[in-house]
Amino acid sequence: MNFETNVEGQLVENVLKGLEDEFSERILPTNTVDRVSTVGILSQTNIGEERESIKKDIVKALRVSNQTQQIYFVVRSIMMTILGAIITLAIFWRLGTINVVEDFVLGISTYAICLVLSRLFDKRIVNISKKIIVYLGEHTKLRDFILKTF
């Protein structure tokens with residue numbers, strides 16, 4: 001069992017415990033039955049299958065969220081790279097040549113401009129990422145390649 005699976009399992013267990021606590025607070029009045037008894041009753045009832053179903057749903061949601069974040073990062077990085085290349089090309093075209101100091105200033109300013117522009121289009125990048133995730137849902141080999149490579 002690797003570390004990632006162990007952390008994922010512990011996270012799911014904590015979420016389920018929180019859900020059970022919330023359920024016991026809402027269903028059973030606190031003045032009638034104490035919390036320990038409620039959790040005991042819940043654990044003795046036959047909720048094993050439902051618990052496993054909830055675990056699978058939580059793990060699936062975590063994986064989809066993780067994949068969406070990875071795709072978002074890739075899309076945003078590609079956008080920043082293209083914008084940076086266009087800005088650099090325009091400056092080289094205008095000036096013809098630059099020295100090391102100008103190149104250093106150009107690199108930093110281009111990165112800052114691309115970062116600001118990518119933040120301005122953040123909602124669109126998120127929407128594009130979601131559409132890519134839906135598309136990659138049908139193309140598992142491509143999805144796995146992108147997620148493992150980038």
Worksheet entry | So Y111, is it in contact (Cβ under 8 Å) with a residue 40 or more places away in the chain and in contact with a helix residue (DSSP H, G or I) (Cβ under 9 Å, 6 or more places away or on another chain) | no
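Would a scan of region 30-39 turn up a residue that is surrounded by 12 or more Cβ atoms within 10 Å (Cβ to Cβ), modelled with pLDDT of 80 or more and part of a helix (DSSP H, G or I)? Even if it seems obvious, please write down each step before you answer.
So in region 30-39, the residues surrounded by 12 or more Cβ atoms within 10 Å (Cβ to Cβ) come out as 33-35, 37-39.
Retained after the next criterion (residues that are modelled with pLDDT of 80 or more): none.
Scanning region 30-39 turns up no residue that is surrounded by 12 or more Cβ atoms within 10 Å (Cβ to Cβ), modelled with pLDDT of 80 or more and part of a helix (DSSP H, G or I).
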Practice prompt. Enumerate the pairs (first residue in region 117-131 and free of Cβ contacts under 8 Å to residues at least 40 places away in the same chain; second residue anywhere and in a helix (DSSP H, G or I)) with beta-carbon separation below 7 Å, excluding pairs fewer than 6 apart on the same chain, so at least 6 apart or on different chains.
Written response: L117/L83
Discussion item. If I ask for residues that are surrounded by fewer than 16 Cβ atoms within 10 Å (Cβ to Cβ) and of a type in the set (V, I, T), which ones from region 127-144 would you list?
Written reply: V134, T140
Item to complete: Those residues that are surrounded by 12 or more Cβ atoms within 10 Å (Cβ to Cβ) and of a type outside the set (G, A, S), I need them from region 106-123; list them, please.
Response: L106, T110, Y111, I113, C114, L115, L117, F121
Practice prompt. Please note which helices (runs of 4 or more DSSP H) are completely contained in region 49-150 and include at least 1 residues that are closer than 28 Å to E13 by Cα and not β-branched (V, I, T).
Written response: 122-137, 140-149
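Looking at the structure I just gave you, is T81 at pLDDT 75 or above, within 30 Å of T110 (Cβ to Cβ) and surrounded by fewer than 13 Cβ atoms within 10 Å (Cβ to Cβ)?
yes
The values are calculated or read from the model by the stated rules, or taken from the named source; none is laboratory data. Since this is a predicted model, take the numbers as computed values, not measurements. Please note: Cβ atoms are built from the backbone with ideal geometry, for glycine as well, and neighbour counts cover all protein chains shown.
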